[in-house]
1. Among the residues of the stretch 185-229, what is the count of those that are of a type in the set (Lys, Arg), without any contact (Cβ under 8 Å) to a residue 24 or more places away in the chain and assigned to a loop (DSSP other than H, G, I, E, B)?
2. Taking the stretch 224-256 on its own, how many of its residues are under 19 Å from PRO331 (Cβ atoms) and charged (D, E, K, R)?
3. For the stretch 245-252, check the following and say yes or no: at least one residue is touching a helix residue (DSSP H, G or I) at 6+ places or on another chain (Cβ under 9 Å) and of a type in the set (Phe, Trp, Tyr).
4. Restricting attention to the stretch 71-89, does a residue exist that is in contact with a helix residue (DSSP H, G or I) (Cβ under 6 Å, 6 or more places away or on another chain), modelled with pLDDT of 75 or more and either surrounded by 11 or more Cβ atoms within 10 Å (Cβ to Cβ) or in the same structural domain as ASN313 (by TED's automatic domain parsing) (or both)?
5. Can you give me the ranges of the helices (runs of 4 or more DSSP H) entirely in the stretch 93-182 with at least 1 residues that are farther than 30 Å from SER251 by Cα and modelled with pLDDT of 85 or more?
6. Looking only at residues that are out of contact with any Gly (no Cβ under 6 Å at 6 or more places or on another chain) and buried (at least 18 other Cβ atoms within 10 Å of the Cβ) in the stretch 173-189, which one is farthest from TRP136 (Cα to Cα)?
7. With the requirement that a residue be under 20 Å from GLY305 (Cβ atoms), basic (Lys, Arg) and either buried (at least 19 other Cβ atoms within 10 Å of the Cβ) or within 17 Å of the chain's Cα centre (by Cα) (or both), what does the stretch 193-241 give you?
Amino acid sequence: MSNALQSFLRLPGCIRRQTLDALPQRTPVLRPDFTGSATRQAFSNSSHVFGQARRTKRPPPIPTSISQGPPPPGRNLPTGRNAPPTTALSPLPKLTSYAESLLKDGREVLLYKGPSHRAFTGTAIICGGLLVYGAWNTALLPSLLEARESDETKKSGGAMNWITTSVVLLSAVGLAGLGTTLILAPVRMIKSVSARAFSDSKGNAIARLKCEMTNPMPFMKRRFIEVSPSEALLDRQVSATDIDFTSVPLSAAEAFTASPKPFAEALTKPKRNPVARAYDALRRDVRRMFYRDGFAYIRFPENGGNWKLDLQNCELLDNGIAIEKLTTPDPKKGVGAVALLWRKYMI
């Protein structure tokens, strides 16, 4: 330590304070603040940074997606090559919804493809037609019996004849109703359901469902119903249905949409003989005709009514989860005798 500094330290405190106050004031050194910058950043020489902070003005703050208040006085953001990239501060949009992740490409995606109903339609028409024909013959039975009876028999058994006629007519009405139910089993079927995303005026993605209906008669124009997911009401959980259908994985959604042929390959050698397979098919079709076994119902409250999804031997995307996510559970699927007759037997 030099002699001058030692002599200065030996002086009284008041004299030392007066001596220090008499010295000219220095410009304070500004230290750069890197608290708001990204973590990955290359730092340069400290003397160069300090000199640059004194010579240049503070640059405007880096625009970010998060609103920030004004910087405190004396804060200098790094410039030049030390400036952090803007992509690290602006978060990218994330696809959190199942529908958005499925329809993010903007292409049409097939959700459901119904099986062929030619055999089922033929079986329903034949069985229902036989019952209706039997009801017609039953209704003619009282008139045939009345023509064979004599006048004395009619006068003696008036009450009995009325009871017999009533029973026969009620039986005919029941058979006709049952036959009509069987004939209506393959009616109002949905052939395919697809989804596609559209953009509205604000740029938001909106999903739309496009349902193709089966033609009740040949050479008829195909009918399509296009609705939003909130307007398609599904009455049950399709993925939990214990029935035989083919599940298409999400990775094969594009091929499933583009190919008109069945996605699943047919067996080259069936495991059972034709008689056993015909018996199983007939038993399955009878249950579908009488109990509507294996059907799910979609209701379009605005312009479509009730339609059936045939889950037996159909093809569903992602085990049926896709069509569940893009529809709405039906809050008014109906309970009681009237709903059972209307929803389960008349459509």
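The values are calculated or read from the model by the stated rules, or taken from the named source; none is laboratory data. Remember, it's a predicted structure, so these values are computed and weren't measured experimentally. All Cβ positions, glycine included, derive from the backbone under ideal geometry; neighbour counts span all protein chains shown.
1. Qualifying residue count for the region: 3.
2. First pass over the stretch 224-256, keeping only residues under 19 Å from PRO331 (Cβ atoms): 227-238, 240.
This time we only want the ones that are charged (D, E, K, R), so: 231, 235-236.
Of the residues in the stretch 224-256, 3 are under 19 Å from PRO331 (Cβ atoms) and charged (D, E, K, R).
3. Going residue by residue through the stretch 245-252, those that are touching a helix residue (DSSP H, G or I) at 6+ places or on another chain (Cβ under 9 Å) are 245, 247-250.
Subsequent filtering for residues that are of a type in the set (Phe, Trp, Tyr) retains 245.
The answer is yes, given that some residue of the stretch 245-252 is touching a helix residue (DSSP H, G or I) at 6+ places or on another chain (Cβ under 9 Å) and of a type in the set (Phe, Trp, Tyr).
4. Taking the stretch 71-89 as the starting set, the residues that turn out to be in contact with a helix residue (DSSP H, G or I) (Cβ under 6 Å, 6 or more places away or on another chain) are 76.
If we keep only those that are modelled with pLDDT of 75 or more as well, we get none.
Taking every residue of the stretch 71-89 in turn, none turns out to be in contact with a helix residue (DSSP H, G or I) (Cβ under 6 Å, 6 or more places away or on another chain), modelled with pLDDT of 75 or more and either surrounded by 11 or more Cβ atoms within 10 Å (Cβ to Cβ) or in the same structural domain as ASN313 (by TED's automatic domain parsing) (or both).
5. Numbers: elements: 98-102, 118-148, 151-156.
Per the criteria, 118-148.
6. Just the residues of the stretch 173-189 that are out of contact with any Gly (no Cβ under 6 Å at 6 or more places or on another chain), to begin with: 173-174, 176-178, 180-181, 184-189.
With the extra rule that they be buried (at least 18 other Cβ atoms within 10 Å of the Cβ), the set shrinks to 176, 178, 181, 185-186, 189.
On the way: ALA176: 8, LEU178: 13, THR181: 16, ALA185: 21, PRO186: 23, MET189: 28 Å.
In this case the residue turns out to be MET189.
7. ARG208, LYS210, ARG236
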